[in-house]
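The values are calculated or read from the model by the stated rules, or taken from the named source; none is laboratory data. Because the structure is predicted, anything quoted here is derived from the model rather than measured. For neighbour counting, all protein chains shown are included, and Cβ atoms are generated from backbone atoms with ideal geometry for every residue, glycine included. Note: accessible area is taken over every heavy atom of the protein model, side chains too, but ligands, DNA and RNA are not part of it. Shrake-Rupley method; radii C 1.70, N 1.55, O 1.52, S 1.80 Å.
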Amino acid sequence: MEGLSRFNLIGSSPQFQKTVAQIHSMARLDATVLVNGETGTGKELAVRAIHYLSARSDRPFVPVNCGALSESLVESELFGHERGAFTDAKNASAGLIGEAAGGTLFLDEVDTLSPRAQAALLRFLQDRTYRRVGGGTLRQVDVRVAVASNADLRCLAEARLFRKDLLYRLNVITLHMPPLREREGDAEVLARAMLQRFSHQYRLPLKRLHAEGRDFIERYPWPGNVRELENVMHREFLLCEESELRLAESRAELMPASAMRPSDAGKGELPAFREAKARAVAEFERSYVFAMLSRADGNISRAARLARQDRSAFGKLVRKYGIGHEDDGAAA
Ligand SMILES: Nc1ncnc2c1ncn2[C@@H]1O[C@H](COP(=O)(O)OP(=O)(O)OP(=O)(O)O)[C@@H](O)[C@H]1O
Ligand SMILES: [Mg+2]
């Protein structure tokens with residue numbers, strides 16, 4: 001997998017090797033890609049790899065965080081606008097789609113697009129034509145679209161929070177990024193590679209993992225996946241005085257003994273029904289709460305009304321998944 005080292009897609013577990021092979025074949029196809037997976041699993045990195053390994057690699061890669069686009073500007077950001085289309089439109093703009101011409105447009109957090117933006121994207125995916133805001137001409141552009149979401153779009157579509165017809169258009173080829181806890185041995189491989197990178201980056205001597213550090217890395221379930229591991233290793237690299245990292249502080253902070261995974265038992269076994277169900281319910285709750293909050297611009301009271309739930313029960317869910325700010329009061 002030598003070609004991929006440029007993108008730092010590190011991991012030697014069979015689970016991850018399968019993902020890497022899929023990335024290679026998706027780079028050869030020119031179809032719309034949907035990437036899903038938990039937070040920090042490397043969805044953006046995977047999409048970048050697909051673009052840079054594809055025939056479009058010398059054309060632009062344009063990432064867009066849909067969650068950061070304001071409802072009123074999303075269409076002009078994506079599709080551009082003509083001069084004078086609205087008060088602030090002093091100059092015409094080609095929009096992100098125009099910027100990505102010939103290349104790949106990456107729509108991250110696609111689940112947060114407003115219904116109106118979803119409709120506009122669907123129209124574009126149907127015939128690859130679009131109009132700038134305030135502009136009459138129908139434009140055509142050759143752009144590969146890739147999207148990512150860590151919410152389950154199918155659940156959202158079932159709950160009518162995401163357009164089904166858009167999901168079908170997006171879901172031409174799907175890449176699932178496995179969570180780190182399912183990638184046997186990769187956490188340690190990644191941790192070592194990160195330590196090497198930090199030592200280069202800071203021009204400091206290499207630090208190694210002590211057996212205690214390795215044990216923690218292997219047994220902690222890493223809910224924030226590679227990003228969480230990266231943050232822990234970064235902090236330990238900079239703050240720990242010893243040359244062998246025991247990760248004692250991170251362990252104390254992150255892992256009350258009850259959260260430890262058994263070191264061998266259960267490895268490779270399928271989850272029991274109860275556990276699988278609990279995980280699916282948690283995933284649904286998280287996606288649902290997140291979607292309601294995005295619809296309600298982060299206002300918990302309004303989101304609770306949309307969900308037809310009482311405010312305090314809904315607030316509890318928000319806290320449970322650490323999604324919103326708890327300080328929006330009761331104003332709506
Ligand atoms: N296989 C990997 N090898 C090396 N680094 C990785 C790998 N996967 C992820 N990373 C690193 O972990 C961090 C998170 O990756 P990325 O931003 O692609 O995740 P994501 O799935 O898009 O997360 P989110 O859902 O939170 O947006 C980045 O710094 C990335 O470089
Ligand atoms: Mg991302």
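Around the amide H of Leu29, modelled in the peptide plane, lies no amide H under 5 Å away from a residue 5 or more places distant or on another chain.
Distances between placed amide hydrogens fall under 5 Å for Ala307 paired with no residue 5 or more residues away or on another chain. Would you mind counting up the charge near Leu122? Only other residues with Cβ under 9 Å from its Cβ, with Lys and Arg at +1 and Asp and Glu at -1. Around Leu122, the surrounding residues sum to +2. Taken per residue, the accessible surface of the chain reaches 54 Å², heavy atoms only and a 1.4 Å probe.
Compare Lys207, Lys320 by solvent-accessible area with a 1.4 Å probe and give them largest first, with all protein chains kept in place.
The most accessible residue leads, giving Lys320, Lys207.
Based on DSSP H segments of at least four residues, each scored -39500 (n - 2.57), the chain has a per-residue ellipticity at 222 nm of -13500 deg cm²/dmol. Within the straight-line cut-off of under 18 Å between alpha carbons, the lysines reachable from Lys43 are Lys18, sequence neighbours fewer than 8 places apart in one chain being disregarded. Derived scalar couplings between HN and Hα for the stretch 97-108 equal 5, x, 5, 7, 3, x, x, 10, 9, 10, 9, 8 Hz in order, rounded to whole Hz, by the Karplus curve 6.51 cos²θ - 1.76 cosθ + 1.60 (θ = phi - 60°), x for Gly and Pro.
Each listed q (0.09, 0.10 Å⁻¹) maps to a log10 I(q)/I(0) for the stretch 2-178 from the Debye sum over equal C-alpha point scatterers, namely -0.32, -0.39. Couplings 3J(HN,Hα) for the stretch 61-72, derived from phi with the Karplus relation 6.51 cos²θ - 1.76 cosθ + 1.60 (θ = phi - 60°), are 10, 10, x, 10, 8, 4, x, 9, 8, 6, 3, 6 Hz, where x marks Gly and Pro. Put simply, the amide H of Thr174, placed in the peptide plane, has neighbours under 5 Å in Leu34, leaving out anything fewer than 5 places away on its chain. Take the Cα of Phe284, go 7 Å toward its beta carbon, and the backbone nitrogen atoms of the stretch 132-176 under 12 Å from that spot belong to 155-156, 158-159.
Note on the chain: Kirkwood hydrodynamic radius from all Cα pairs is 22.1 Å, rounded to one decimal. Volume per residue of the convex hull around the Cα atoms, evaluated for the stretch 273-320, comes out as 63 Å³. Across the stretch 273-320, the relative contact order, built from alpha-carbon pairs under 8 Å that are at least six residues apart, equals 26 percent. Report the antiparallel proportion of the DSSP beta bridges in the chain as a percent, rounded to a multiple of 5. In the chain, DSSP labels about 15 percent of beta bridges as antiparallel. As a ratio to 2.2 N^0.38 Å, the alpha-carbon radius of gyration computed for the stretch 180-241 takes the value 1.06.
Across the stretch 40-86, counting alpha-carbon atoms alone, Rg and Dmax equal 14.5, 42 Å. Beta-bridge orientation, the stretch 2-178: approximately 15 percent antiparallel, per DSSP, counting only bridges with both partners inside.
Solvent-accessible surface (1.4 Å probe) assigned to Leu206 amounts to roughly 70 Å². Cross-link partners of Lys320 among aspartates and glutamates, defined as those whose alpha carbon lies under 20 angstrom from its own and excluding same-chain residues fewer than eight positions apart: Glu38, Asp152, Glu228, Glu253, Glu275, Glu283, Glu285, Asp297, Asp310, Asp328.
Couplings 3J(HN,Hα) for the stretch 195-210, derived from phi with the Karplus relation 6.51 cos²θ - 1.76 cosθ + 1.60 (θ = phi - 60°), are 4, 5, 4, 4, 5, 5, 4, 9, 6, 10, x, 4, 10, 10, 8, 6 Hz, where x marks Gly and Pro.
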